[in-house]
Amino acid sequence: MKRRLPLLCLVLLACAGVRAEWLTLNGSPGDAGNTYVQVDPTSVEVNGSRRSVTVRMNLAEDRTSKDGVRFRSVQARASVDCEARSAHYLSATYFGHPNFVGEPVAVKEFGEDDVRPMLFAGAPTELVGRTVNAACRVGAPR
């Protein structure tokens, strides 16, 4: 039940259309020295078996993206395919400082020819599955 509570909260908040605080899936939000992952439950958009959702991740240490962008935190829009149980990034805003502070160091849009699977490098691997599950529950037939 412990794992299901955050997912239930995500679904309820997204369905209610309420502007809510970020839902933390892992880590301690606001602690610049640790890695944490959050989802905006009000950002889920439904399009058939696909969902889009806004996620963000703070990293305990600097990381360099595939494109050579050095960053410490990132906020992204992801597309979730509920049938394939997969997700990929649509866009990403990279910050040089922890906790999404300051001007972005880069903003990237990823087209159909540049698919970036949703990964939370440095965080527990089950977070991707939990994010997919939560997004796919929003707007699902009952």
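Readers should treat all values here as calculations from the given coordinates under stated rules, not as data from a laboratory. All of these numbers come straight from a predicted model, not from anything done at the bench. Reconstructed Cβ throughout: ideal geometry from the backbone, glycine too, with neighbour counts over all protein chains shown.
If Phe71 meets every condition in (1) part of a strand (DSSP E or B); (2) surrounded by fewer than 20 Cβ atoms within 10 Å (Cβ to Cβ); (3) not small (Gly, Ala, Ser) apart from one, which number is that one? Against the list (1) part of a strand (DSSP E or B); (2) surrounded by fewer than 20 Cβ atoms within 10 Å (Cβ to Cβ); (3) not small (Gly, Ala, Ser), Phe71 comes up short only on (2).
Go through the residues of segment 65-84 one by one and say whether even a single one is closer than 12 Å to Asn133 by Cα and either under 11 Å from the mean Cα position of the chain (by Cα) or touching a residue at least 40 places away in the same chain (Cβ under 8 Å) (or both). The answer is yes; a qualifying residue exists. Working only within segment 48-64, note down all residues that are over 11 Å from the mean Cα position of the chain (by Cα), closer than 15 Å to Leu119 by Cα and among the hydroxyl-bearing types (Ser, Thr, Tyr). Within segment 48-64, Thr64 is the sole residue that qualifies. Looking only at residues that are touching a residue at least 24 places away in the same chain (Cβ under 8 Å) and touching a Cys at 6+ places or on another chain (Cβ under 9 Å) in segment 45-64, which one is surrounded by the most Cβ atoms within 10 Å (Cβ to Cβ)? In this case the residue turns out to be Arg51.
Listed conditions (1) in contact with a helix residue (DSSP H, G or I) (Cβ under 8 Å, 6 or more places away or on another chain); (2) outside any loop (DSSP other than H, G, I, E, B) are all met by Leu119, apart from (2). Candidates are the residues of segment 122-142 that are part of a loop (DSSP other than H, G, I, E, B) and touching a residue at least 24 places away in the same chain (Cβ under 8 Å); the one that is farthest from Val44 (Cα to Cα) is Gly122.
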